[in-house]
């Protein structure tokens, strides 16, 4: 199921401004890779290049290669719509569709991709909600609006919605930054379970979180404001947090800047 | 479980895609087909072949895309083509209207036309002009502006700076309601109380009163929006210096938003300048120059257009005059609009957004 | 300097001022300048209310006079003879004409306006969006009498072919039967009204679509939705009530439009089953056309019909405003 991502020589632009420069890295399947770095270093931008969401922003443009197993996401004839079905995404702020019920939110992606029998749809929704550790909390109110849930529940609903279409990769853009500590813990536990089935990439500002949930960690930085962000290093999380090979990483992690 | 899901999905990210130029090619083909069928069937109406081409375009987009790219993509393409067709459908009448007005209006529009009245010219013969109508319109609109600008701005100030509670709510609600009053109803109101009950005669002033009713809510609304844009920090800064509230409003709030208010007033003037119905009921119309708006019937530009059209008996001379007057009116309204928007952009308050 | 010393000298506040004290301080308008200014601005607001009340009162007053003299039923009579002895007039034909022409206008205008609004907000290249909105706004600035002139002398002749075609293929329905007269029927009026109310519906819908939250559109995109599916999932549900109220504002305009209808329509006081043949009239058009020849009784009768139009537009506009207001609360709560 899960697929490997190989990025090589990737740069992303907003109109003429180059936001990230020449990034190459490999992201292992069935593992959690965390992106850390100071604000504005382009980690979110980089994340959005991995499912071709960057080009949705006006002026957004990408150069370089992103291989999903053996297919280049930016190759000729690739349909961005099918890319986004393979590479799911969870956003910073929980964003369930406000006019849809809990059930319809989870089913939203499935309904796009074809017709399902009612029972079949119900099974997948239940399985996805269980997968997002939300089933027990919402099973009695599947037909209530999704916006009526608490913030943490809404975020898990969004995760359920994303995994319902069985993507190969799950991207998470600071999924806990709008949540309280208890909800954060629930999401972190969930990430630990989800990595059995998906390749997970998570952007976070919280270094303890990166240390807790990720197997590998990538550190991004920029030399000055207005300069493009760069990948400084990527390594096993344990190594990054105990004995990084670059001084800037150690400075950042030990709180000397950023 | 996951197997069933997987099966429905294309195995590859690669989707068959139509080339970028395909919409243009389909559009060109549809127009050619529409023209061809029209020529073959001897249809001469532009509307017909245009509508046919539009239908062909939408149908062909769907058919071709469904074949090559799949159903979902085809739906997306149909939505895109429908949206384009909608846009073109709206632009065509605008272009036609401007084009025809200019083309037919320039025939008799010259200095003579602008400086002479219809005093000694009958409706069916050529000659004459719109001087009396321009004069009437300027006076009626001028009076309406003089009455409604202070009242409108003060009302907006009340709503934004003072208004709490029931009265303000009622005023807000009825300003909205007033915006929707048909102009003919405003005319009937002035007719019933000024001309029927008070027994005053038809005059430019009576028309101006109806125009005031139409202009007031527009000014209140736009001024209100502009005052709301003034940041509260400015008011607080001034009040904190011990400046009384009314001085704060006149010296700080109003000067900050004066550009936007001016724009609103100009747009309101542009709107009422084209009003025909109330003028028709209250000013009555005249072919002579009447400089006194308070005594006796006057002419007005929009009413002049209507009367030239209605009394022409199908004669070319009157139609020409109607088009020339329409061109004058449109030019005036458009210039006001452009100027108003220019001021709005130039004087826009620099807020965060 | 001065301020800082004063501050340090002041005794520390023992307790925060009570609520009533705060209210008094906020309301305390003591200066004569303030009082005059408040009086002026409040007076202006009250003046506005007085005008509205006066409109309703005077129109009702004259209408009551007219209707009390009317020998036939004001609502159901199909003729307009206020000068006959005894006077006999009714608004049935006007109701029919106004409703039919407005329905035609709405059926044409609403889908096109929604399309244009989506075009500007979601389809057109970003640089084009601004100028395009501007062009549509210009449509709104054209005076209605010019629309009327254009409708009568340019649009109507173009419609002959379309009418003939509709008659050929759909004449059997009766509704689209055409005797071949000048194309100045309720159908023509409906098309012209549609063009005239496009800008208002477009501009309100455009603003609503523009406010559709980016995060929900991104959520749909990330699920692998096409552009149309994004719009269907996250933009249209968000904008639905806005589009409804925009349409009602447009309807309000269409109901009250006078000169364009008076110029284009060849009115008659009988109802014709076919929309393409002349027949019917609208409230506003009837007032404008009959006014110049009306006696005092005739004017009162027209005022009575104007009152009905006034009430109808009030209801339609009031409904639209209520939907907008409720929507504002709803989106505020979710922001």
- [ ] Confirm whether residue B:4 is modelled with pLDDT under 75, in a helix (DSSP H, G or I) and either farther than 19 Å from residue C:162 by Cα or within 11 Å of chain C (Cβ to nearest Cβ) (or both).
- [x] yes
Task: Filter result (surrounded by 19 or more Cβ atoms within 10 Å (Cβ to Cβ) and either outside any helix (DSSP H, G or I) or in contact with a strand residue (DSSP E or B) (Cβ under 9 Å, 6 or more places away or on another chain) (or both)) within segment A:178-206 - done: A:179, A:187, A:191, A:194, A:195, A:198, A:199, A:200, A:201, A:202, A:203, A:204
Task: Some residue of segment B:332-344 being within 30 Å of residue B:235 (Cα to Cα), in a helix (DSSP H, G or I) and within 11 Å of another protein chain (Cβ to nearest Cβ) - done: yes
- [ ] Could you tell me which of the residues B:143, B:153 is in a helix (DSSP H, G or I), modelled with pLDDT of 90 or more, assigned by TED's automatic domain parsing to the domain that holds residue B:300 and within 23 Å of residue B:334 (Cα to Cα)?
- [x] B:143
Task: Candidates B:184, B:153 - the one that is farther than 24 Å from residue C:256 by Cβ and either surrounded by 22 or more Cβ atoms within 10 Å (Cβ to Cβ) or in contact (Cβ under 8 Å) with a residue 12 or more places away in the chain (or both) - done: B:153
Open item on the list: Looking at C:175, C:160 in this structure, which one is surrounded by fewer than 21 Cβ atoms within 10 Å (Cβ to Cβ) and within 13 Å of chain B (Cβ to nearest Cβ)?
Closed with: C:160
Open item on the list: Give me the helices (runs of 4 or more DSSP H) completely within segment B:195-273, filtered to those with at least 1 residues that are within 11 Å of chain C (Cβ to nearest Cβ) and in contact (Cβ under 8 Å) with a residue 12 or more places away in the chain, ordered by residue number.
Closed with: B:204-229, B:245-248, B:254-273
Open item on the list: For the structure I just gave you, tell me whether residue C:7 is loosely packed, with under 10 Cβ neighbours inside 10 Å, outside any loop (DSSP other than H, G, I, E, B) and either modelled with pLDDT under 85 or touching a strand residue (DSSP E or B) at 6+ places or on another chain (Cβ under 9 Å) (or both).
Closed with: yes
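For every residue, the table says whether it meets (1) more than 9 Å from every other protein chain (Cβ to nearest Cβ); (2) closer than 26 Å to residue C:319 by Cα; (3) touching a helix residue (DSSP H, G or I) at 6+ places or on another chain (Cβ under 9 Å); (4) part of a helix (DSSP H, G or I).
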position: C:225; (1), (2), (3), (4): no, no, yes, no
position: C:230; (1), (2), (3), (4): yes, no, yes, yes
position: C:234; (1), (2), (3), (4): no, yes, yes, yes
position: C:248; (1), (2), (3), (4): yes, yes, yes, yes
Open item on the list: Please determine whether any residue of segment C:256-263 is closer than 20 Å to residue B:188 by Cβ, assigned to a helix (DSSP H, G or I) and more than 8 Å from chain B (Cβ to nearest Cβ).
Closed with: yes
Open item on the list: If residue B:140 meets every condition in (1) at the interface with another protein chain (Cβ under 9 Å from one of its Cβ atoms); (2) crowded, with 17+ Cβ neighbours inside 10 Å; (3) within 20 Å of the chain's Cα centre (by Cα) apart from one, which number is that one?
Closed with: (1)
TODO: Kindly provide the set of residues from segment B:169-181 that are at the interface with another protein chain (Cβ under 7 Å from one of its Cβ atoms) and either over 12 Å from residue B:213 (Cα atoms) or surrounded by fewer than 19 Cβ atoms within 10 Å (Cβ to Cβ) (or both), ordered by number.
DONE: B:170, B:171, B:174, B:176, B:177
Open item on the list: Being crowded, with 22+ Cβ neighbours inside 10 Å and either within 14 Å of chain B (Cβ to nearest Cβ) or within 28 Å of residue B:179 (Cα to Cα) (or both) is the requirement here; does residue C:244 meet it?
Closed with: no
Open item on the list: For segment C:260-269, which positions are surrounded by fewer than 24 Cβ atoms within 10 Å (Cβ to Cβ) and out of contact with any strand residue (DSSP E or B) (no Cβ under 8 Å at 6 or more places or on another chain)?
Closed with: C:266
Task: Residue satisfying all of: in segment C:185-212; over 17 Å from the mean Cα position of the chain (by Cα), under 20 Å from residue C:161 (Cα atoms) and more than 13 Å from chain B (Cβ to nearest Cβ); surrounded by the fewest Cβ atoms within 10 Å (Cβ to Cβ) among these - done: C:185
TODO: Have a look at B:160, B:185 and point out the one that is modelled with pLDDT of 90 or more, facing another protein chain (nearest Cβ under 8 Å) and part of a helix (DSSP H, G or I).
DONE: B:185
Open item on the list: Quick check on my filter: what residues within segment A:235-249 are assigned to a strand (DSSP E or B) and closer than 14 Å to residue A:35 by Cβ?
Closed with: A:235
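The values are calculated or read from the model by the stated rules, or taken from the named source; none is laboratory data. Quick caveat: nothing in here was measured; it's all calculated off a predicted structure. Because the Cβ atoms are built from the backbone with ideal geometry, glycine has one as well, and the counts that use them run over all protein chains shown.
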